[in-house]
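Contents: one structure, followed by commentary.
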Amino acid sequence: MIQVRDLRKSYDSNAVLDGVNFHIEKGESVVVIGRSGGGKSVLLKHLIGLLKPDSGQVLIENEDIVPMNERELLRVRRKFGMLFQGAALFDSLTVEENVAFAFRRERSMPREEIRRKVCEVLEMVDLPGTEDKKPAELSGGMRKRVGLARAIIYQPAIVLYDEPTTGLDPIVADSIDKLILRVRDRLDVTTVVVTHDMRSARRLGQRILMLHNGKIYAAGTPDEFFQSEDPVIRRFVEGVSDPKELYF
Amino acid sequence: MHVQARQWISEWLEGLGRLTLLTRESIASLLTFKVAWRDLLYQTYFVGVKSQSVVLITGAFTGMVLAAQTYLQFHKVKMDTATLAVVSVSMCSELGPVLTGLMVAGRVGAAFAAELGTMRVTEQIDALRTLATHPVDYLVVPRLIALHVAMPLLTAESIAIGIVAGYVVGAYFYGIDRVYLWHNMLWYTQPPEVVVGMIKALIFGGIVAMIGCYKGMCCGEGAEGVGRATTEAVVYSSITILITNFFLTLALGKLFHTL
């Protein structure tokens with residue numbers, strides 16, 4: 001479904017992605033972990049063509065999206081839904097207008113049908129009755145739910161999550177994790193989650209990829225990760241800093 | 001110093017190139033007629049209706065000052081009745097479009113840059129792209145059309161109020177003969193003057209829209225990035241309007257003089 005081949009991306013002289021290779025099968029649920037600022041979100045944005053790499057390939061259903069221009073990418077992006085770190089809701093629109101954004105732009109569906117779909121998807125994310133609210137009136141967790149509703153309303157084949165639980169309290173984070181699993185199981189989508197929350201990673205991932213120094217340092221099941229003896233993986237799993245490194 | 005100058009020129013050229021690409025993309029999008037009418041109406045309201053007060057006040061006081069200054073000079077050579085003609089010709093071909101352009105750059109260009117810049121730093125523009133919507137179609141084109149519709153109207157309004165204000169100053173404050181004042185104004189203000197003003201307004205509208213949108217969509221990270229984009233949108237729009245005005249005056253003057 002998704003193949004990444006020798007992906008490289010640098011900002012000034014800093015190589016954020018330095019030859020990343022992996023593939024994701026259809027219907028698989030993959031979690032990408034790594035340190036903050038380590039290039040996880042940059043990698044995720046390459047999968048949907050929001051960023052152009054310096055070199056390498058990103059194949060979506062065997063089609064390389066790297067050489068495509070913005071208009072050609074619009075077609076490929078219909079296969080995707082994406083939940084952003086801050087939800088990225090359009091502040092000037094209501095919840096309903098946000099969720100129904102793509103349908104309203106296409107004007108391919110009657111209003112009643114759109115409203116029905118919006119209600120259905122808001123039910124799925126446990127936010128019925130919020131259609132007329134503005135994003136400013138919602139809490140962080142609710143905004144993420146609306147963001148997710150917007151991402152899945154047109155039933156994409158792949159859903160990308162950029163730090164879905166960052167900035168949320170543990171209870172809301174837990175509910176978002178459950179929601180991601182529910183969406184995965186009900187819609188049978190391929191899921192890619194970027195996170196540094198190991199609890200989420202363990203629950204959400206059938207497979208975990210660890211991004212370290214711009215490369216996929218390790219790949220395996222959550223159990224393999226949690227039982228690993230590798231010092232880099234252990235430090236990350238246990239959240240222990242390296243005394244030789246400065247973190248501030 | 002030499003290296004810095006080279007870097008500055010290279011960045012400036014890069015920016016100009018990107019702006020040109022954005023303009024090309026906008027024109028291509030414009031030709032597909034995929035405009036969201038609701039957004040277009042809102043932008044036209046925001047640009048046109050909400051800019052009324054600032055444009056009217058600028059036009060009125062410019063007309064009044066111009067009438068006063070012209071009268072004070074013309075009175076010395078007994079040409080008082082030509083005062084309003086000077087006001088009218090200046091307002092139509094130069095001051096109306098330029099001052100309206102500068103005011104709109106300050107109000108609307110800044111708002112475009114701030115709004116789009118905030119959308120960029122909060123990933124709303126990326127969200128648009130993931131929803132299979134081209135940001136140029138959704139964000140730039142309605143603003144570009146709105147400014148092209150509103151700028152000539154605002155300029156016409158500014159010119160009209162400037163002439164009326166100049167007439168009031170000339171006729172009631174300095175006591176110039178009203179009939180000659182009005183008659184000379186009509187006699188010397190030819191259609192080409194008005195057409196030149198409207199062409200300039202149309203072009204200035206495009207400049208404000210493109211620079212405002214470009215600065216917003218390419219702004220740096222965080223509040224500082226949005227602040228800088230807003231300031232640069234106003235400064236670059238204003239400077240571009242003033243420089244373009246000179247060349248337009250030469251080109252349109254030659255065109256209409258030949259015709």
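Kirkwood radius for segment A:1-151, taken over all pairs of different Cα atoms as the inverse mean of 1/r, rounds to 17.2 Å. Measuring between their Cα centroids, segment A:67-145 and segment A:157-199 lie 17 Å from each other. Annotation: lysines with alpha-carbon distance below 27 angstrom to A:Lys215 (same-chain offsets under eight excluded): A:Lys9, A:Lys26, A:Lys40, A:Lys45, A:Lys52, A:Lys79, A:Lys244. Shape class for segment A:87-193, computed from the alpha carbon gyration tensor (a ≥ b ≥ c): oblate, with a/c not under 1.5 and a/b at or below b/c.
In chain B, the longest principal axis of the Cα atoms and the axis of helix B:191-217 are about 30 degrees apart. Across segment A:225-230, coupling constants 3J(HN,Hα) worked out from phi with the 6.51/-1.76/1.60 Karplus curve, θ = phi - 60°, read 5, 5, 9, 5, 9, 4 Hz, and Gly and Pro carry x. First check a/c for segment B:1-89, with a ≥ b ≥ c the square roots of the eigenvalues of its C-alpha gyration tensor; if it is under 1.5, answer rounded, and if not, answer prolate when a/b is larger than b/c or oblate otherwise. Cα axes put segment B:1-89 in the oblate bin. The angle between the Cα long axis of helix A:170-187 and the longest principal axis of the Cα atoms of chain A comes to about 70 degrees, rounded to the nearest 10. In loop segments of segment B:34-88 as defined by DSSP, the trypsin sites (Lys or Arg not before Pro) with at most 16 further C-beta atoms inside 10 Å of their C-beta are B:Lys34, B:Lys50, B:Lys78.
Charged side chains reduced to their Cβ positions (Lys and Arg at +1, Asp and Glu at -1) give chain A a dipole of some 480 debye around its Cα centre. Which residue, A:Ser228, A:Ser41, A:Ser29, has the most motion in a Gaussian network model of chain A that connects Cα atoms within less than 10 Å? Top of the fluctuation ranking is A:Ser228.
By the Kirkwood approach, averaging reciprocal distances over each pair of separate Cα atoms, chain B gets a hydrodynamic radius of 19.7 Å. Per-residue Cβ neighbour counts within 10 Å put A:Ile233, B:Ile243 in the sequence B:Ile243, A:Ile233, beginning with the fewest. The magnitude of the dipole of chain B, with charges of +1 and -1 set on the Cβ of Lys/Arg and Asp/Glu and taken from the Cα centre, is near 300 debye.
Ranked by how many other Cβ atoms sit within 10 Å of their own Cβ, fewest first, the residues A:Asp188, B:Asp80, A:Asp162 fall in the order A:Asp188, B:Asp80, A:Asp162. If you run the Gaussian network model on chain B, springs between alpha carbon atoms under 10 Å, then out of B:Glu224, B:Glu232, B:Glu115 the most flexible one is B:Glu224. Based on the alpha-carbon gyration tensor of segment A:85-133 and its eigenvalue square roots a ≥ b ≥ c, which shape applies: rounded if a/c is under 1.5, prolate if not and a/b is larger than b/c, or oblate? It comes out oblate by the Cα gyration axes.
Charged neighbours of A:Asp91, selected by a Cβ distance under 14 Å, balance to +1 (K, R count +1; D, E count -1). Exposure proxy ranking for B:Val89, A:Val4, based on other Cβ atoms within 10 angstrom of each Cβ and starting from the fewest, stands as B:Val89, A:Val4. Which angle from 0 to 90°, rounded to the nearest 10, does the C-alpha axis of helix A:111-124 make with the longest principal axis of chain A? Once rounded, one gets 40 degrees. If you run the Gaussian network model on chain A, springs between alpha carbon atoms under 10 Å, then out of A:Phe80, A:Phe101, A:Phe225 the most flexible one is A:Phe101. The residue list A:Thr221, A:Gly141, B:Met217 was ranked by how far each Cα lies along the charge dipole of the protein assembly as shown toward its positive end, using unit charges on Cβ atoms, and B:Met217 comes out on top. Viscosity 1.567 mPa s, temperature 4 °C: give me the Stokes-Einstein translational D for the protein assembly as shown in µm²/s, with Rh taken as the Kirkwood radius over C-alpha pairs. Using the Kirkwood radius from Cα pairs, D works out to 50 µm²/s. The distance separating the Cα centre of segment B:174-210 from that of segment B:113-135 comes to 40 Å.
Given +1 at the Cβ of Lys and Arg, -1 at the Cβ of Asp and Glu and no other charges, the dipole of the protein assembly as shown around its Cα centre is 840 debye to the nearest 20.
A short reminder: the numbers here are calculations on the coordinates, not readings from a lab. This structure is a prediction, so every number in the text was calculated from the model and none was measured. Cβ sites come from the backbone with ideal geometry, for glycine too, and all protein chains shown count toward neighbours.
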